[in-house]
Amino acid sequence: MEPETSLAPTPITPSPESITISRSPSPTLDTTTTGSPLLLIGMLPESSSASMASRKRARLDEEVLPAGSSTDQAESGSSSREVRSSENEPQRVAVERDDTYYMEDGSCILQVEYTLFNVHKSMLSKDGSLFSSMFQLPQGGQVADGTSDQQPLVLPGDTVREFKNFLWALYALPNELMAATHGPTADISRLVDIARMAMKYNFKSVETWALDVINDHVNRKDSGLISFAKAFPTASSRIALVPKAIFEDNSAKISQLMRLAQLCEHSGLLETMVSLLKRLMSISIQYAHLAMTLADELDIRGLRGVAYLEIMQNATVVVRGANGDADAGEESGGLVDRDGKLIVSREQQLRLLTGYYRLTTAWENLRAAPLHFDHAPSCAATWHQHGCTQSWLEFWKEKTKGDNILQRGLADYLGRLKVISKEFDRWGSATYMHHDCKMTARKAIQDKIKDVEESLPEFFSEESSM
């Protein structure tokens with residue numbers, strides 16, 4: 001009869017610099033995109049803890065050790081995590097301590113990707129953060145995560161770069177913050193990481209500070225994006241295509257900052273980026289396409305209308321085929337085909353057609369029925385109201401069919417209204433309209449222009465019932 005053998009595995013002692021993470025997952029801290037906490041904490045009865053621990057250790061030996069290996073072999077080498085490649089061959093990934101933020105006097109060990117950080121709970125608990133709430137939760141008699149290298153608090157979804165930039169903001173001295181975040185050499189990518197991480201873990205004051213600094217930097221005269229926009233100050237400076245490298249670089253920066261501002265609901269930065277895109281649209285149709293795409297993605301109402309109007313008036317479009325871009329030209333970054341037509345999706349084409357129909361119909365309705373305005377009391381008192389009304393009708397009939405109007409596109413509703421406003425200012429005193437009524441009529445035209453500008457997104461919306 002064979003001697004009875006013990007099934008308990010020999011303990012594995014990991015080296016301090018490279019430890020194994022091939023164990024059953026420790027409780028992790030997760031958040032949703034809005035920063036709401038979701039704390040996953042396993043709570044087991046004491047009666048089942050021992051058996052569960054035994055099963056975990058047995059599973060650990062099976063995962064870490066290759067077939068035919070013994071526990072003694074594991075003790076002789078550094079611990080690592082085994083993952084499977086596409087060829088199903090095991091690969092070992094070591095977990096390392098961060099050179100800067102694994103502090104000997106730290107009180108909370110965190111794992112981001114395959115890097116360990118040892119920082120102070122007091123720093124993580126600032127600002128009423130998510131960590132502060134988590135540290136106060138009862139542990140039910142279990143050893144809390146974050147107490148050792150073998151049982152760190154795992155932060156999924158973050159990158160080492162993002163988390164190091166965030167820790168830098170928590171630990172940096174005031175002079176370091178000023179030097180690294182102000183002036184033309186400010187590191188915007190670092191500030192973006194800080195803002196995103198602060199938003200995720202609910203460090204509200206850090207988030208607001210980072211977003212304010214980004215906003216100030218974008219508005220600086222020596223900002224790269226603003227400088228590029230100022231190089232083309234008017235619509236007459238429009239160029240056919242921005243060089244691919246310049247456009248792709250600017251496009252990536254603008255998209256990143258727009259998404260960040262929308263995610264963090266920072267109105268100041270969002271308004272700055274929308275204003276910047278409106279200026280860039282006058283430079284090249286590529287930026288109008290970018291504005292249209294971002295407006296659809298992020299549901300930015302204030303940008304959607306002007307972006308679609310710009311494309312409708314200044315571009316010939318072609319629908320992207322089901323199999324990808326229709327013969328897209330490389331020099332445009334894939335936005336314009338080789339015939340010079342802007343490539344759009346079918347949904348975008350439908351919105352453009354909808355906008356064209358609604359804008360042309362709105363102008364025809366307005367041309368046939370002049371704007372209404374209330375006569376001034378002094379006009380009625382002088383028995384001049386009939387002549388005043390007749391003069392206004394004659395003006396409207398003549399100017400809405402004038403050459404300056406006909407030179408505008410059929411769907412340029414807003415542009416035609418602005419022409420009417422200029423023509424009314426030129427009308428001067430050569431009219432039978434009462435002076436006070438002229439002021440009222442001018443205000444009616446300006447109010448109509450403002451109303452069209454505000455409702456412009458609805459002209460391009462399939463859901464709108466205009």
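The values are calculated or read from the model by the stated rules, or taken from the named source; none is laboratory data. Predicted model, so just to flag it, every value in this text is computed and none were measured. Here Cβ is always computed from backbone atoms with ideal geometry, including for glycine, and neighbour counts include all displayed protein chains. Just so you know, the surface numbers come from the protein's heavy atoms only, side chains and all, with ligands and any DNA or RNA stripped out. Shrake-Rupley method; radii C 1.70, N 1.55, O 1.52, S 1.80 Å.
Hey, rough spin-label estimate for residue 385 and residue 256, points 7 angstrom out along Cα→Cβ, what's it come to in nanometres?
Roughly 6.4 nm, to one decimal.
Compute the signed sum of charges (Lys and Arg +1, Asp and Glu -1) over the other residues within less than 10 Å, Cβ to Cβ, of residue 268.
Once positives and negatives cancel, what remains is -3.
Dividing the Cα radius of gyration by the Kirkwood radius, what Rg/Rh value follows for segment 142-211?
Rg/Rh: 1.06.
If R₀ is 51 angstrom, what is the calculated FRET efficiency for the pair residue 142 and residue 173, using the beta carbon separation as r and rounding to 0.05?
So, using R0 = 51 Å, E works out to roughly 0.85.
Give me the dipole magnitude in Debye, nearest 20, for segment 168-212 about the Cα centre, with unit charges on the beta carbon: positive for Lys and Arg, negative for Asp and Glu.
160 debye
So if each residue of separation counts as 0.36 nm, and I subtract the Cα-Cα distance between residue 462 and residue 338, what length gain in nm does that give?
Taking residue 462 through residue 338 to full extension adds about 41.6 nm, to one decimal.
Starting from segment 335-427, pick out the trypsin sites (Lys or Arg not before Pro) whose DSSP state is loop and whose Cβ has at most 10 other Cβ atoms within 10 Å.
Of the trypsin sites (Lys or Arg not before Pro), the ones in loops of segment 335-427 whose Cβ has at most 10 other Cβ atoms within 10 Å are 401.
Between residue 249 and residue 365, what's the calculated FRET efficiency when r is the beta-carbon distance and R0 is 41 Å? Round to 0.05.
For residue 249 and residue 365, the calculated efficiency is 0.35.
What whole number of Å gives the distance from the Cα centroid of segment 400-424 to the Cα centroid of segment 112-175?
Cα centroid of segment 112-175 versus Cα centroid of segment 400-424: 61 Å apart.
Using the beta-carbon distance between residue 96 and residue 349 and R0 = 51 Å, what value does 1/(1 + (r/R0)^6) give for FRET efficiency, to the nearest 0.05?
0.50
Less than 15 Å Cβ to Cβ from residue 128, Lys/Arg counted +1 and Asp/Glu -1: what total charge do the surrounding residues give?
Spelling it out: positives minus negatives among the neighbours equals +2.
Counting only protein chains, not ligands or nucleic acids, how are 188, 449 ordered by accessible area (probe 1.4 Å), most first?
So, going from the largest accessible area down, we get 188, 449.
Would you calculate the separation in nanometres between label points at residue 263 and residue 204, each defined as 7 Å from the Cα along the Cα-to-beta-carbon direction?
2.0 nm
Skipping prolines and chain starts, which residues have an amide H placed within reach, meaning under 5 Å, of the one on residue 93, given they are 5 or more residues away or on another chain?
81, 82, 83
Testing the spin-label approximation: label points 7 Å from Cα along Cα→Cβ at residue 212 and residue 150. State their distance in nm.
4.7 nm
Can you give me the long-range amide H partners of residue 154? Hydrogens built in the peptide plane at 1.01 Å from N, cutoff under 5 Å, separation of 5 or more residues or another chain.
29, 111
Assign one of three labels to segment 89-186, namely rounded, prolate or oblate, based on the Cα gyration tensor with a ≥ b ≥ c the square roots of its eigenvalues; rounded applies when a/c is under 1.5, prolate when it is not and a/b is larger than b/c, and oblate otherwise.
Verdict is oblate for segment 89-186.
Where Lys and Arg each count +1 and Asp and Glu each count -1, what net charge lies around residue 351 among other residues with Cβ under 15 Å from its Cβ?
Here the count lands on -3.
Give, in nm to one decimal, the length gained when the segment between residue 113 and residue 439 is fully stretched (0.36 nm per residue of separation minus the Cα-Cα distance).
Length gained between residue 113 and residue 439: 110.6 nm.
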